[in-house]
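The values are calculated or read from the model by the stated rules, or taken from the named source; none is laboratory data. Only a predicted model underlies this, so the values are computations on that prediction, with no experimental measurement involved. Positions of Cβ are backbone-derived with ideal geometry, glycine not excepted, and every protein chain shown enters the neighbour counts. With ligands, DNA and RNA removed, areas are computed over all heavy atoms of the protein, side chains included. Shrake-Rupley method; radii C 1.70, N 1.55, O 1.52, S 1.80 Å.
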Amino acid sequence: MLITFPDGAQKEFAKGTTPLQVAASISGGLARAVVAAKVNGELVGVAEPIEADCKFELLKFDSDEGKSVYWHSTAHLLAQAVKELFPDVKVAIGPAIENGFYYDFEREDAFSEEDLEQITQKMKELSQKKFAYQRQVVSRSEALEYFQKQDEKYKVELLAAIGDDQTISMYSQGDFTDLCRGPHLPDTGGIKAIKLLKTSGAYWRGDEKNKMLKRIYGISFPSNKELNQYLANLEEAKKRDHRLLGKQLDLFSFSSRIGAGLVLWHPKGALIRNFIESFWKEQHLKNGYSLVNTPHIGKAELWETSGHLGFYDESMYSPLNIDEQNYYIKPMNCPFHIEIYNSSKKSYRQLPVRYAEMGNVYRYERAGTLHGLMRVRGFTQDDAHIICMKEQIDAEVKKTVEFSIFMLKSFGFEDFEIYLSTKPEEKFVGELEDWHKAESALENALVELGIDFKVDAGGGAFYGPKIDIKIKDALGRSWQCSTIQFDFNLPTRFNMEYVGKDNSLHRPYMIHRALLGSLERFFATLLEYHGGNLPMWLSPEQVRIIPISDQFLDYAKKVENFLVDAGYRVQISDEDQGVGYKIRQAENQKIPYMIICGEQEQKAGTASVRKHTQGDIGCFELEKLSEILS
């Protein structure tokens, strides 16, 4: 058989050769590092034989799919260890997640820290035994019979939802067998460094009506060096947690009296929000957008037309009955922007139309999924819709990508991951020609701008392809921000039209576009990315003036007036405390600059300047402060 590698090289192998054998034919080091393979785009285990000509790719741990296989295999190892230590425990599910894996168990008692340590040692012991992950394909009835004998009721329930005609794959290592599609590592010996991170409760299938299971989260790596680096990053991430920073810097809070997931913005947080929104509006006006404002509620008829009541109702709040008609709090702004467009007949001469709004929306999120500002029930959507003709798509997409990158860089973000998601294989709306045109516009824009990107084949929404822009921080974490999303669904549902050059009616293209995402999530991302040390222009307090004693308070006020006139946000620290305390307080509040005023400064008409995290940077004449404070 003929195998074609990603670089186009081809080589013949005997039928039945495994990916691991292919890797070994290249180098021993590659054979030791490979964790999975792709055969004609399908993920397979390295011990599975290849039977025909194919496009072939070897995957190591450094790839996203390689990590997923590695962590999924470790989840199975975790379940094996738990079953050996606690035979009465029932196993549920154990997937790989973005960073590591988890496994859910039915057990009356929660897992203690001592339990986790014991389980970790058992996992390491099983790893050293190098049990092979053995795949077995069986019928549904055979799988049911096996798991019924094992009294594993959660596996039986999962199998009950699978059709009789479907074949089932199971994986075994040692005496442990799990229901799983795979693939997995060749054996448990490939799992070198393990850390079980925490435990929590989790409802079976995420439903509060079901039994609460005990979940164990973990992480694993091919080396202790990688694990130690990850754990160090984890400690740093805890320090950067926006929930802690929000409290420390007095930016926002939540109240049980008001309700979960509803944010209270304190004066400093509201001021930062204002800076973000003002910059956002200013840049949108410069880039040819029209600002709009829309209501918080809309009649049921609107949401029936948009399809939200049919497909999104679980995330919407219960209706309000007004004048014997049902109204819903809006989960999205799109239908309102479309109604603005449809309020008057449009000519091709008026296109493109670009509507932008910082619109407040409300969505029901399960209580267990709420997470600070990252996941809330009421938030401000950085929303815009571009409505244009087919021949305008390429230019509009390119402008939008450039605008997205500009906006993110303006807030200090530099490292981006770009994903292009294309048409799903089966369920989608719209004409193929429109999909191809939209996908080409998205791809061409990225290519022309010289932006590296990854293709998520088939990963688009059913109503259109999209570009997602994620930022990466100093810890290597990715944050979803900008989305540029075509929509072939709503223009048809709302019968959007324009009069073309031929004087007949045409359907426009529509692009949903969020540059920052939700303002709340963006705010959290901004805090964590910068560790609370916001760029100077966003800091609610830019300069803290610290007089050495009350006798220098008048001079401190003179410096304050000078800086306020120069456009800085300034506060004098006039508490009855020592200078050292005041400096520590300003450092903890992450104020960019401190100015110390004492006898020497008063006599010379100067200011001693300290910079946050750096300390003293010198003494300067007041006229030169604007050059220094940047």
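Close amide-amide hydrogen proximity is noted between Y312 and no other residue 5 or more places distant or on a separate chain, at a cut-off under 5 Å (H modeled in the peptide plane; Pro and chain starts excluded).
Compared with the rule-of-thumb size 2.2 N^0.38 Å for a compact globular protein, region 436-498 has a Cα radius of gyration ratio of 1.35.
Per-peptide packing, taken as the mean over residues of other Cβ atoms within 10 Å, places 610-618, 370-378 in the sequence 370-378, 610-618 from highest down. In this structure, the residue pairs whose Cα-Cα separation is over 19 Å, taken from K346/K466; K130/K153; K299/K330; K11/K55, are K346/K466; K130/K153. A 1.4 Å probe run over the protein chains yields, for region 359-460, 46 Å² of accessible area per residue, whole-number rounding.
Loop-located trypsin sites (Lys or Arg not before Pro) in region 239-337 (DSSP state not H, G, I, E or B) with no more than 10 neighbouring Cβ atoms inside 10 Å: R257. Computed over region 550-622, the alpha-carbon pair-distance distribution with 10 angstrom bins reads 19, 56, 25, 0, each value a whole percent.
Using the 1.4 Å probe convention, the accessible area of region 469-521 works out to 36 Å² per residue with neighbouring protein chains retained. Of the residues Y312, Y171, ranked by 1.4 Å probe accessible area with the largest first, the sequence reads Y312, Y171.
Once the gyration tensor of the Cα atoms in region 52-205 is diagonalised, the equivalent ellipsoid follows with semi-axes of 23, 22, 14 Å, ordered largest first. When each of the peptides 476-485, 2-11 is scored by the mean number of other C-beta atoms lying within 10 Å of its residues, the order from highest to lowest reads 476-485, 2-11.
Kirkwood's formula applied to the C-alpha pairs of region 347-490 gives a hydrodynamic radius of 16.7 angstrom.
With a Cα cut-off of under 25 Å and a minimum spacing of 8 residues unless on different chains, the lysine pairs in region 493-630 number 19. Between the alpha-carbon centres of region 553-630 and region 13-74 there is a gap of 61 Å.
For the chain, taking the reciprocal of the average inverse distance between every pair of different Cα atoms yields a Kirkwood hydrodynamic radius of 28.7 Å.
Summary value for the chain: 8 percent relative contact order, contacts being C-alpha pairs under 8 angstrom separated by 6+ residues. Computed in the context of the full set of protein chains, the accessible area of region 1-133 at 1.4 Å probe radius has 48% of its extent on carbon or sulfur. Taking 20 Å as the straight-line reach from the Cα of K129, the lysines in range (excluding those fewer than 8 positions away in the same chain) are K83, K192, K195.
Solvent exposure of region 203-356, expressed per residue, is 56 Å² of accessible area, with all protein chains present and a 1.4 angstrom probe. Cα centroids of region 293-342 and region 159-215: 40 Å apart.
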